[in-house]
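Quick notes on the structure that follows.
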Amino acid sequence: MPRDATIAVDVLTTLSAERFTCRAYRSDPVPEDIIQGILQIAGKTASWCNVQPWQVVIASGETTERFREALTAQAHADPEGAPDIPFPPGHHGIYKARRQETGYRLYAALGIAREDRERRLSQSLENFRLFGAPHVAIVTVPAEIGPYALADCGSFVGSFLLAARAFGVDTTPQAALAQHSAFIRDFFDIPDTQKVLCGISFGYADRDDPANGFRTSRASSEEIARLV
């Protein structure tokens, strides 16, 4: 392998290993030039016929605080919500097992017993408090393009997460925010032609918070791929 390729692989391997879903943030804002840098890198994501269907609204400062407060109130008032893009009706088999493992490990890190429903609910609501992050990106997709645009936008989200880590910024991709799609569109004045895919809370992790003290597992390449 050429030396330059080895360096690139090492960098990408490190970024992928260091990236994690942050669940507690410091209040320090991310400088605007870094946010622009993340967007410039993520904007190079490949898309079908180069349509680049993603649109992003990024909140900072007072806007984040108003959104955090309003979204938390909305989640209390309407716990079920109504996402633009239907959530999975359920998970089974290995997918259920992986989801449960993540929940169990998070609650264990926080010292929350399985039967402690009150604390589990409180932790769940941290999604709508953005885990204390100083920024949130709302990712939307045009309804007219159809489901393949979702694949393109998913790639954009992945690029955003890795680009953020390259700048030393931590992230939380959040489908949970899309439960309140109509509310989010109204809050940020997003047209009805755009469907809310997810949010990405971001900032600098509070490394001392126990919520950031565990990491999720990953399937081996043998489990996810078949070479023929």
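FYI, it's all coordinate maths here, none of it is from the lab. Predicted model only: the values in this text are computed from it and were never measured. For neighbour counting, all protein chains shown are included, and Cβ atoms are generated from backbone atoms with ideal geometry for every residue, glycine included.
Can you work out which of the residues in region 1-25 that are touching a helix residue (DSSP H, G or I) at 6+ places or on another chain (Cβ under 8 Å) and not in a helix (DSSP H, G or I) is surrounded by the most Cβ atoms within 10 Å (Cβ to Cβ)?
Among those that are touching a helix residue (DSSP H, G or I) at 6+ places or on another chain (Cβ under 8 Å) and not in a helix (DSSP H, G or I), it is 23.
Tell me whether region 61-78 contains one or more residues that are surrounded by 15 or more Cβ atoms within 10 Å (Cβ to Cβ), assigned to a loop (DSSP other than H, G, I, E, B) and in contact with a helix residue (DSSP H, G or I) (Cβ under 9 Å, 6 or more places away or on another chain).
No, every residue in region 61-78 fails to be surrounded by 15 or more Cβ atoms within 10 Å (Cβ to Cβ), assigned to a loop (DSSP other than H, G, I, E, B) and in contact with a helix residue (DSSP H, G or I) (Cβ under 9 Å, 6 or more places away or on another chain).
Taking the condition in contact with a helix residue (DSSP H, G or I) (Cβ under 8 Å, 6 or more places away or on another chain), surrounded by 13 or more Cβ atoms within 10 Å (Cβ to Cβ) and in a helix (DSSP H, G or I), does residue 108 pass?
For residue 108, the condition - in contact with a helix residue (DSSP H, G or I) (Cβ under 8 Å, 6 or more places away or on another chain), surrounded by 13 or more Cβ atoms within 10 Å (Cβ to Cβ) and in a helix (DSSP H, G or I) - is not met.
Please go through region 26-60 and pick out each residue that is in a helix (DSSP H, G or I) and at negative phi.
Once the filter is applied, which keeps residues that are in a helix (DSSP H, G or I) and at negative phi, region 26-60 yields 32, 33, 34, 35, 36, 37, 38, 39, 40, 41, 42, 48.
Table: residues versus (1) within 17 Å of the chain's Cα centre (by Cα); (2) under 20 Å from residue 190 (Cβ atoms).
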| site | (1), (2) |
| --- | --- |
| 92 | no, no |
| 96 | no, no |
| 131 | yes, no |
| 150 | yes, yes |
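Being over 26 Å from residue 131 (Cβ atoms) and not small (Gly, Ala, Ser) is the filter here, so list the residues in region 13-60 that pass it.
Passing the criteria: 13, 44, 48, 49, 50, 51, 52, 53.
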